[in-house]
1. Taking G287, is it outside any helix (DSSP H, G or I) and of a type in the set (G, A, S)?
2. Give the number of residues within region 113-140 that are under 23 Å from T92 (Cα atoms), open to solvent by less than 40 Å² (accessible area, probe 1.4 Å) and out of contact with any strand residue (DSSP E or B) (no Cβ under 9 Å at 6 or more places or on another chain).
3. Quick test of your reading of the structure: A326 fulfils all but one of (1) under 24 Å from S253 (Cβ atoms); (2) loosely packed, with under 13 Cβ neighbours inside 10 Å; (3) not charged (D, E, K, R). Name the failing condition by number.
4. For region 13-23, what are the residues that are within 18 Å of T66 (Cα to Cα) and either of a type in the set (S, T, Y) or surrounded by fewer than 16 Cβ atoms within 10 Å (Cβ to Cβ) (or both)?
5. How many of the residues making up region 163-193 are open to solvent by 40 Å² or more (accessible area, probe 1.4 Å), closer than 21 Å to R317 by Cβ and hydrophobic (A, V, I, L, M, F, W, C)?
6. If I ask for residues that are under 18 Å from V19 (Cα atoms), open to solvent by 60 Å² or more (accessible area, probe 1.4 Å) and without any contact (Cβ under 8 Å) to a residue 60 or more places away in the chain, which ones from region 36-54 would you list?
7. Just give me the residues in region 141-154 being closer than 14 Å to H193 by Cα and open to solvent by less than 50 Å² (accessible area, probe 1.4 Å), in sequence order.
8. Would you mind telling me which numbered condition in (1) at negative phi; (2) assigned to a loop (DSSP other than H, G, I, E, B); (3) out of contact with any Leu (no Cβ under 9 Å at 6 or more places or on another chain) D101 fails?
Amino acid sequence: MNATSSSEGGTATADPGRVVLLTTSHRVAPGLLSWPAWQALRDADRVLCSDGAHPQLPYLREAGITVDEAAPTARELVDACAGGRCVVVVATGEGEPGLTDGLARLAGSGRVRMPDLELLPASYDLPGARLLDLVQVMDRIRAECPWSSQQTHRGLAKYGIEEAYELVEAIEDGDREELREELGDVLLQVVFHARIAEEDREAPFSVDDVAGGIVAKLIHRHPHVFGDASASTPEDVKEHWLRTKAEEKRRTSVTEGVPLGQPGLALAAKLSSRARTAGLAVPLPAGDGVGYELLALAARAEARGVDPEAALRAAARAYRDAIRAAEREAAPAGREDA
């Protein structure tokens, strides 16, 4: 085949070739590439990479792939493909925006016969891979931020409570965008505390220890999923959970592990649930005052499968709306807000 020039104004009749932009994820270990990626690399006439420190390069060269450290312009890349050649560009972390923009401009000019362009992901993020980014960002913030570097578990405790309540509010409001954001804020608290824990001199642990612990707990408490046990109903699952939890904690009372600092209605309902689940017929304490009345209401709600805390919040929201409506009605004429 006689290749003709692909210069502007030419009559380019030769095969314009092919450009493969090879992208990789920094969240996957270097060298772990897809089979189509390895095939493209081995079949290429040239392999280019503008970053001489790209983490993939040692592994490509170890596999016998010749990689030229070069940053061609869009025009130079088009010329390198002329005559049916295939050039693979190993993209940097930014994705080579300058090169792709230049190729788009050439293609839009209508005066250059463009090679085939292919975007080939060589590695993909696994589910949860962005958690690695969060851990890295938290490491840097802890080291470099004047406020974050001074925080302690005790100092952050109030934020954990606040974020949990904001998450509940987003769930009750049904706001999906707010829910996503609040879940992120709660996740931040976990990663922040785990990062602080790494610095403890007597009993340090990391976010990997936290994740490993909950993974082990979930597997142990779900023998119907990871073992030979069977469970066909939610009640069966709850029975497995409570039994394995009791074995793990070796508790002498069903009240152990119930945090007394939680809101009163939630506390009353939790104690009632523990007693009922254990088959203990414990009469509610008699007494005068609204506290005992609320205790009885909370126990009754729990027995009916109603979360008294959530029910009270829903009623309070309705009361808030009624107050706002009354304020609007009472607002002076011509005033937009009260």
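The values are calculated or read from the model by the stated rules, or taken from the named source; none is laboratory data. Because the structure is a prediction, the values reported are computed rather than measured. Here the Cβ is made from the backbone with ideal geometry for all residues, glycine too, and neighbour counts use every protein chain on show. Surface accessibility is based on the protein's heavy atoms, side chains included, excluding ligands, DNA and RNA. Shrake-Rupley method; radii C 1.70, N 1.55, O 1.52, S 1.80 Å.
1. yes
2. The number of residues fulfilling the criteria is 2.
3. The single condition A326 does not satisfy is (1).
4. Residue satisfying the conditions is T23 alone.
5. 3
6. Across region 36-54, the qualifying residues are Q39, R42, D43, D45, R46.
7. Residues satisfying the conditions are R142, S148, S149, Q151.
8. D101 satisfies every listed condition except (2).
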